[in-house]
């Protein structure tokens, strides 16, 4: 497989065909703000592309279940609060293969790791590529179960359902969160097999 071409923008490497993930004022303004809190620990990031914001949230959630506290806030099983005005859109953003391959920086992963665990990774100064590459390995070993992404293949998202029936997705999501019929389901992204779509439509139209 041919290696995807990359370009350098503002000192960062960006895959060809993707918008730059980070803001750079005044040329590229932030479009997505995300804050994460666990106990007294807090960290925030801004992004200029939805795929980068989705990667950030996915890295926090991994394969954990999570609960919606409001339409802008969720809490993971490890009691990490994720807060963003654009949270619903971020979680429902469907990644292209190129976006799926994009990775957060090691520095960003270290900050997420600290907020989630209260521990800091002890790393030597980055004076060669081998040392730099070694930073991600402790995170991968400790969080390998958390950073797996749920595949949406074969599932119909709430955004797709709302397009079919002409409903505001925000209104539909509020109805789903309030429904006792879905209490048995694991909390996560709003997506179902095609066979369950008619039942979901009945719930959100009540």
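Scan segment 62-80 residue by residue and report those that are outside any strand (DSSP E or B) and more than 14 Å from the chain's Cα centre (by Cα). Within segment 62-80, 71, 77, 78, 79 qualify. Candidates in segment 95-106 are the residues that are part of a helix (DSSP H, G or I) and at pLDDT 85 or above; of these, the one that is surrounded by the most Cβ atoms within 10 Å (Cβ to Cβ) is 99.
Is it the case that segment 114-126 has a residue that's modelled with pLDDT under 85, within 29 Å of residue 197 (Cα to Cα) and crowded, with 17+ Cβ neighbours inside 10 Å? Within segment 114-126, not a single residue is modelled with pLDDT under 85, within 29 Å of residue 197 (Cα to Cα) and crowded, with 17+ Cβ neighbours inside 10 Å.
Listed conditions (1) surrounded by 13 or more Cβ atoms within 10 Å (Cβ to Cβ); (2) assigned to a loop (DSSP other than H, G, I, E, B); (3) touching a helix residue (DSSP H, G or I) at 6+ places or on another chain (Cβ under 8 Å); (4) at pLDDT 50 or above are all met by residue 109, apart from (2).
For every residue, the table says whether it meets (1) out of contact with any strand residue (DSSP E or B) (no Cβ under 6 Å at 6 or more places or on another chain); (2) part of a loop (DSSP other than H, G, I, E, B); (3) surrounded by 16 or more Cβ atoms within 10 Å (Cβ to Cβ).
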| residue | (1), (2), (3) |
| --- | --- |
| 17 | yes, yes, no |
| 20 | no, yes, yes |
| 30 | no, yes, no |
| 36 | no, no, yes |
| 42 | yes, no, no |
| 52 | yes, no, yes |
| 55 | yes, no, yes |
| 58 | yes, no, yes |
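The values are calculated or read from the model by the stated rules, or taken from the named source; none is laboratory data. Keep in mind it's a predicted model, so treat the numbers as computed, not measured. Neighbour counts are summed over all protein chains in view; Cβ atoms, including those assigned to glycine, are modelled from backbone coordinates with ideal geometry.
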